Amino acid sequence: MRYLIANWKMNLPKGDLDEYLEKLGEGESWHSTRIGIAPPFPFVPGLAADLEGSRVLVGGQNCSDADSGAYTGEVSARMLRAVGASFVIIGHSERRSLYGEGDELVAAKVKVALAANLRPLLCVGEDLQTREKGGAVALLERQLDSALGSLALPEELWIAYEPVWAIGTGRNATPAMAAEAHAAIRRKTIELSGDRTRPVILYGGSVKKENAAALAAQSEIEGFLVGGASLDADGFLAIGEALELARPGA
Ligand code: PGA
């Protein structure tokens, strides 16, 4: 299965939300691609209710590392699960850079998400300087090590490779660059899990309908995490079609 995940960030799609959801209904006929939406917190319960019975998944963009308590402004993984979320994005680079989330916190969040039966979508990715110095793979391995190294990992784990320099910049990783990074992430995750986990690795960073087909043609790329381009239903669907039609390796 491939996954097309929308990260709305602190935005809503332009225009009418019902129309957006109706359009996404076209994705119901896809055989190998499944849509997920991560809206801002207040919209999780409503969307989950609207989409109940459909194949579209609803998720959170973040969760607390704690289960409950005096943590003003936080939302727990269990609460997200209770209102219908089935996954949660963890360690997005905007959380890491704008809110100072370090590796330890990211690891704790992955742990509480797993305990709450919420699929974590762990984001990893290098900054431009690290890539230019040739250190991208080493950094990805370090991020995976700190986030996953101490955990009992599930059979299947979602990971998004999101090079920081490609997020919201209009610059995407080339298909070859992404495939190389994905292969490294796959190797490292399998190693950390003692061969028990199958990673499902999505690419994120300026994915749009114009570059989706070339990226989707890489067998290493098992889906997309889409920010800006997910706010427009037509563009988002076109990206999903590229995934659905991709014949990796052909
Ligand atoms: P972008 O964002 O598609 O707007 O580059 C991707 C992300 O941050 O998940």
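For GLY27, the test of being free of Cβ contacts under 8 Å to residues at least 40 places away in the same chain and of a type outside the set (D, E, K, R) is failed.
Let's see how each residue does on (1) within 16 Å of the ligand (Cβ to nearest atom); (2) within 29 Å of VAL106 (Cα to Cα); (3) touching a residue at least 60 places away in the same chain (Cβ under 8 Å); (4) not in a loop (DSSP other than H, G, I, E, B):
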| position | (1), (2), (3), (4) |
| --- | --- |
| ASN11 | yes, yes, yes, no |
| GLY36 | yes, yes, no, yes |
| PRO42 | no, yes, no, yes |
| GLY46 | no, yes, no, yes |
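Please tell me if SER97 is farther than 23 Å from LEU215 by Cα, in contact (Cβ under 8 Å) with a residue 60 or more places away in the chain and either within 16 Å of the ligand (Cβ to nearest atom) or among the acidic types (Asp, Glu) (or both). Against the criterion (farther than 23 Å from LEU215 by Cα, in contact (Cβ under 8 Å) with a residue 60 or more places away in the chain and either within 16 Å of the ligand (Cβ to nearest atom) or among the acidic types (Asp, Glu) (or both)), SER97 qualifies. Annotation note: of LEU215, LEU243, LEU237, the sole residue that is at pLDDT 95 or above, part of a helix (DSSP H, G or I) and closer than 20 Å to GLU156 by Cβ is LEU243.
One residue alone among GLU191, GLU222 is among the charged types (D, E, K, R), more than 15 Å from the chain's Cα centre (by Cα) and either away from the ligand (no atom under 16 Å from the Cβ) or surrounded by 17 or more Cβ atoms within 10 Å (Cβ to Cβ) (or both), and that residue is GLU191.
Checked against the criterion of being surrounded by fewer than 21 Cβ atoms within 10 Å (Cβ to Cβ), hydrophobic (A, V, I, L, M, F, W, C) and over 17 Å from GLY36 (Cα atoms), the range 229-239 has no qualifying residue.
Pairs meeting the criteria (first residue in the range 208-228 and without any contact (Cβ under 8 Å) to a residue 40 or more places away in the chain and over 11 Å from GLY240 (Cα atoms), second residue of a type outside the set (Ser, Thr, Tyr) and within 12 Å of the ligand (Cβ to nearest atom), beta carbons under 6 Å, at least 6 apart or on different chains) are ASN211/ASN172. If the condition is being of a type in the set (Asp, Glu) and closer than 20 Å to ILE5 by Cβ, then the range 75-122 contributes GLU94, GLU101.
Here's the yes/no breakdown for (1) within 19 Å of THR130 (Cβ to Cβ); (2) at pLDDT 95 or above; (3) in contact with a Gly (Cβ under 9 Å, 6 or more places away or on another chain):
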position: ALA152; (1), (2), (3): no, no, no
position: GLY168; (1), (2), (3): yes, no, yes
position: HIS182; (1), (2), (3): yes, yes, no
position: ARG187; (1), (2), (3): yes, yes, no
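Filtering the range 162-176 for residues that are within 16 Å of the ligand (Cβ to nearest atom), in a helix (DSSP H, G or I), touching a strand residue (DSSP E or B) at 6+ places or on another chain (Cβ under 7 Å) and over 19 Å from ILE90 (Cβ atoms) leaves an empty set. Would you confirm whether any residue within the range 191-210 is over 26 Å from LEU24 (Cα atoms), at pLDDT 95 or above and assigned to a helix (DSSP H, G or I)? Yes, that holds for at least one residue. Total residues in the range 13-34 satisfying the condition of being over 18 Å from GLY240 (Cα atoms) and within 16 Å of the ligand (Cβ to nearest atom): the figure is 1. Being under 16 Å from the mean Cα position of the chain (by Cα) and of a type outside the set (D, E, K, R) is true of GLY168.
The values are calculated or read from the model by the stated rules, or taken from the named source; none is laboratory data. Quick caveat, the model's predicted, so the values are computed rather than measured. So basically every Cβ, Gly included, is an ideal-geometry build from the backbone, and we count neighbours across all protein chains shown.
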